[in-house]
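The values are calculated or read from the model by the stated rules, or taken from the named source; none is laboratory data. Bear in mind that the values here come from a model prediction, so they are computed numbers and not experimental data. A quick note on method: Cβ atoms are made from the backbone with ideal geometry, for glycine too, and the neighbour counts reach across all protein chains shown. Areas reflect the complete protein model, heavy atoms only, side chains present, ligands, DNA and RNA absent. Shrake-Rupley method; radii C 1.70, N 1.55, O 1.52, S 1.80 Å.
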Amino acid sequence: MTDIIVVVILAVLIGAALRYIIKSKKSGARCIGCSACECHCKHPQKTPEKPPMAQRAHSEQSPCRCHGDEK
Amino acid sequence: MRIAFAGNPNSGKTTMYNALTGRNERVGNWAGVTVEKKEAAIKKNYCAGGEELVAVDLPGAYSMSPFTSEESITSSYVRNERPDVIINIVDATNLSRSLFFTTQLLELGVPVVVALNKSDINEKKGTSIDSVALSDQLGCPVVNTVSTSACGLEEVVQAAVSLKGKSQKAPYVQTGVDLTDKHEVEKADRRRFEFVNRIVPKVETRRTLTKERNVQDRIDNILTNPVIGLIIFAGVMFLVFQISQAWAGPWFADLLTGRIDAFGEAVGGWMESSSPFLQSLVVDGIIGGVGAVIGFLPLVMVMYFLIALLEDCGYMARATVVLDPIFKKVGLSGKSVIPFIIGTGCAIPGVMACRTIRNERERRATAMLTSFMPCGAKLPVIALFAGAFFADASWVGTLMYFVGIFLILACALLVNTLAGYKVRKSYFIIELPEYKTPSLIRAFYSMCGRGWAYIVKAGTIILVCNTLVQIMQSFNWQLQVVEEGMENTSILASVAGPFAYLLIPIVGFHAWQLAAAAVTGFIAKENVVGTLAVCYGISNFINTDELALMDGAGSSVAAVFGLTKAAALAYLMFNLFTPPCFAAIGAMNSEMKSAKWLWGGIGLQLGVGYAAGFLVYQIGTLAATGTVGGGFVPGLTAVLAMAAVIIYLIRRTNRRLAAEYELESNSASRSAA
């Protein structure tokens, strides 16, 4: 009888944990209970393409060529 | 109705958003904390008209012409999504800089309400802003607010609601600017700043001029000094570890682990008549394994409390200034410091904060190196080994952070060399927040929030992993229960066994338990502690004195593991500096947007972790015993092979650069001819 109770409790606990993990992943969370993220680490929205250099308002001090897609 | 919150970084947008929506999004007093758009419904008590209001928190931006991807999010959203109203949160302590973006928002035609935030700080400094006059100048409502105390929020929301459907007239309109001409764009920006600087003297009265130096400036001279500042930073980090790992943390942890042990005993007593497997699963696997991880919760929470205090008082921003020149020397952006600091909490937001870095190569390099900073999940692992092998020495934790910084610097040079990238001049501009007495309540809430997240992780991922580990340790491949003492015939031992051979050069002997812990650590780093607890049957790692009485009488944790101090340190470093978890790898994948860089990053982290562990163990053993440790030859072979690959890649890059240079020279010569 004790075994049955223990198995049922374990099944409920593990099932709830798995359900939580799956639900969090489906809602986009990267890290489950990450101790610094606090569920903020959702998958990012598609970020827009970087605008071309000409649209930038501020000049750069350094003679960089960093605005292109460098590999 | 959608209300967008836009403004410069660190103006108080997320604080206001949290206050209005009841959410608890992360705030920090530097740029890079909010890197994504977030939406939530505003609380009913602010929605007087009954209509549902949705607040959209946007990343900070200095201009509608974005430099970084998170600024692009803001720019795109306000241009394309056309929110019903924009609440422009303006930092009242820096009006002239903030109004540049305000005038751009006003040109969009979307109704704008200016929330003049941090008004309380202005009051203390004796600076007053005539909000009525400012409202006249800008042509939009201006409301004084203090986000931290939710002051003025009702008024600002009401003002926003009242503007729905109305148009917005811009006080300053810029048209006919040729955006392809950089000089024309600069001239246009200067004209805009001139317009702003004409408004500011009409509305603002300052008692303290910016050029006057005050006490805070004098303190900054010391804290941001390249030498003294670094020493102070090291001292502060040491103190944080000392308090969390050696003083307050273990005191609370002892109380907690006592309760966990009592609970385990009670459950064990109740399950006396149960099958041995179930007893072992529940008591050793679940209560023992999860309990071992939970036992470190007080240490982690105390550490987060102290770090929250440091952030709130304004010190952490100064720490980034101290570290900036060091990172610049190795070709990283000065802005790389912020992801590294954020990464000490968790690698994932640290990697995501790399979006604030404009240069793609620097961004990718920073994303790759962020996980070298020990994150919160690694704290229990550090605490376990510091406690079991080094008598709770807090220098272990501090050392790991500085080793992380050293590895970042060394690997940054390596990455730049491999990528053929010459170190160029870069700049780092950060607004140093005002010093203030840190709020104990905010730090307490931050600590509780993180503590809760830790418990959630323990109750989900750690629970599932430990259950699986215990089951795999209890059964062999014939699905028969393994006898006590015969765990090396279990499924877990046979799966982890091959990996254990790889660890011999790091720990000196074949230990499937250590391999199993290292592998499960890739799911969540706390699993290292949980798996070790399950595999070795130890549930209380905190009170190491009491662990003198173990199965086998007289054994301590160190002896149970069978590790020397050098091996323990090596194994710790292996776990700390290899990829932290799959979630962090996923974040790297999202930010790198290049399979080559992603796999390069993973390879670099694995190689560095392995090499660091190997060198520490072998050199430590040589120093202690006069001979090298087990697995020296295979380990040396592996490390030399990695070095050979790196040398080959460097040579290939140099050949490519030489070929490109020759091509350019030939083209230039032909053009001249």
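So is B:ASN94 crowded, with 19+ Cβ neighbours inside 10 Å and either within 14 Å of chain A (Cβ to nearest Cβ) or on the phi < 0 side of the Ramachandran plot (or both) or not?
no
Are any of the residues in the stretch B:181-192 more than 21 Å from B:THR103 (Cα to Cα) and touching a helix residue (DSSP H, G or I) at 6+ places or on another chain (Cβ under 9 Å)? Spell out how you get there, then give the answer.
Here is the first cut: in the stretch B:181-192, the residues more than 21 Å from B:THR103 (Cα to Cα) are B:181.
From what is left, the residues that are touching a helix residue (DSSP H, G or I) at 6+ places or on another chain (Cβ under 9 Å) are B:181.
Yes - at least one qualifying residue is present in the stretch B:181-192.
If a residue has to be open to solvent by 10 Å² or more (accessible area, probe 1.4 Å) and more than 12 Å from chain A (Cβ to nearest Cβ) to count, how many in the stretch B:274-293 make the cut?
Counting residues in the stretch B:274-293 that are open to solvent by 10 Å² or more (accessible area, probe 1.4 Å) and more than 12 Å from chain A (Cβ to nearest Cβ) gives 1.
For the stretch B:200-225, which residues satisfy the criterion of being in contact (Cβ under 8 Å) with a residue 24 or more places away in the chain and more than 20 Å from B:GLU311 (Cα to Cα)?
B:VAL200, B:LYS202, B:VAL203, B:GLU204, B:THR205, B:ARG206, B:ARG207, B:THR208, listed by residue number.
Look at B:ALA524 and say whether it is modelled with pLDDT of 85 or more, part of a helix (DSSP H, G or I) and buried (at least 24 other Cβ atoms within 10 Å of the Cβ).
no
From B:ALA234, B:ALA248, grab the single residue that is within 25 Å of the chain's Cα centre (by Cα) and either more than 18 Å from B:GLY295 (Cα to Cα) or without any contact (Cβ under 8 Å) to a residue 12 or more places away in the chain (or both).
B:ALA234
Can you work out which of the residues in the stretch B:57-73 that are at pLDDT 75 or above and more than 9 Å from every other protein chain (Cβ to nearest Cβ) is nearest to B:LEU106 (Cα to Cα)?
Selected residue: B:ALA61.
With B:ARG364, B:ARG358 as the choices, which residue is at negative phi and not in a helix (DSSP H, G or I)?
Exactly one residue qualifies, and that residue is B:ARG358.
Just to be sure I understand, how many residues within the stretch B:350-360 are more than 27 Å from B:ALA458 (Cα to Cα) and touching a helix residue (DSSP H, G or I) at 6+ places or on another chain (Cβ under 6 Å)? Lay out the reasoning, then the answer.
Our first condition is that a residue be more than 27 Å from B:ALA458 (Cα to Cα); within the stretch B:350-360, this holds for B:354-360.
This time we only want the ones that are touching a helix residue (DSSP H, G or I) at 6+ places or on another chain (Cβ under 6 Å), so: B:354-357.
Selection size over the stretch B:350-360: 4.
Confirm whether B:PRO505 is more than 21 Å from the chain's Cα centre (by Cα), open to solvent by less than 20 Å² (accessible area, probe 1.4 Å) and either modelled with pLDDT of 90 or more or outside the structural domain of B:LEU281 (by TED's automatic domain parsing) (or both).
Yes.
Among (1) closer than 30 Å to B:GLU107 by Cβ; (2) surrounded by 17 or more Cβ atoms within 10 Å (Cβ to Cβ), which single condition is B:PHE241 missing?
If we test B:PHE241 against (1) closer than 30 Å to B:GLU107 by Cβ; (2) surrounded by 17 or more Cβ atoms within 10 Å (Cβ to Cβ), just (1) comes out false.
Against the definition (without any contact (Cβ under 8 Å) to a residue 40 or more places away in the chain and either crowded, with 23+ Cβ neighbours inside 10 Å or touching a strand residue (DSSP E or B) at 6+ places or on another chain (Cβ under 6 Å) (or both)), how does B:GLY268 come out, yes or no? I'd like the intermediate steps shown before the answer.
Numbers: without any contact (Cβ under 8 Å) to a residue 40 or more places away in the chain: yes; either crowded, with 23+ Cβ neighbours inside 10 Å or touching a strand residue (DSSP E or B) at 6+ places or on another chain (Cβ under 6 Å) (or both): no.
In short, no.
If B:GLY485 meets every condition in (1) away from every other protein chain (no Cβ under 11 Å); (2) more than 30 Å from B:VAL282 (Cβ to Cβ); (3) open to solvent by 30 Å² or more (accessible area, probe 1.4 Å) apart from one, which number is that one?
Only one criterion in (1) away from every other protein chain (no Cβ under 11 Å); (2) more than 30 Å from B:VAL282 (Cβ to Cβ); (3) open to solvent by 30 Å² or more (accessible area, probe 1.4 Å) is unmet by B:GLY485, namely (2).
Answer with yes or no whether B:VAL173 is assigned to a helix (DSSP H, G or I), touching a residue at least 40 places away in the same chain (Cβ under 8 Å), open to solvent by 20 Å² or more (accessible area, probe 1.4 Å) and more than 14 Å from B:VAL114 (Cβ to Cβ).
Working: assigned to a helix (DSSP H, G or I): no; touching a residue at least 40 places away in the same chain (Cβ under 8 Å): yes; open to solvent by 20 Å² or more (accessible area, probe 1.4 Å): yes; more than 14 Å from B:VAL114 (Cβ to Cβ): yes.
Answer is no for this residue.
Restricting to helices (runs of 4 or more DSSP H) lying wholly in the stretch B:555-673: which have 3 or more residues that are open to solvent by 70 Å² or more (accessible area, probe 1.4 Å)? Quick ask: steps written out before the conclusion?
On the way: elements: B:557-561, B:565-577, B:582-592, B:595-625, B:632-672.
By residue number, B:595-625, B:632-672.
Hey, among B:VAL519, B:VAL456, which residue is open to solvent by less than 30 Å² (accessible area, probe 1.4 Å) and either closer than 29 Å to B:THR637 by Cα or of a type in the set (A, V, I, L, M) (or both)?
Only one candidate qualifies: B:VAL456.
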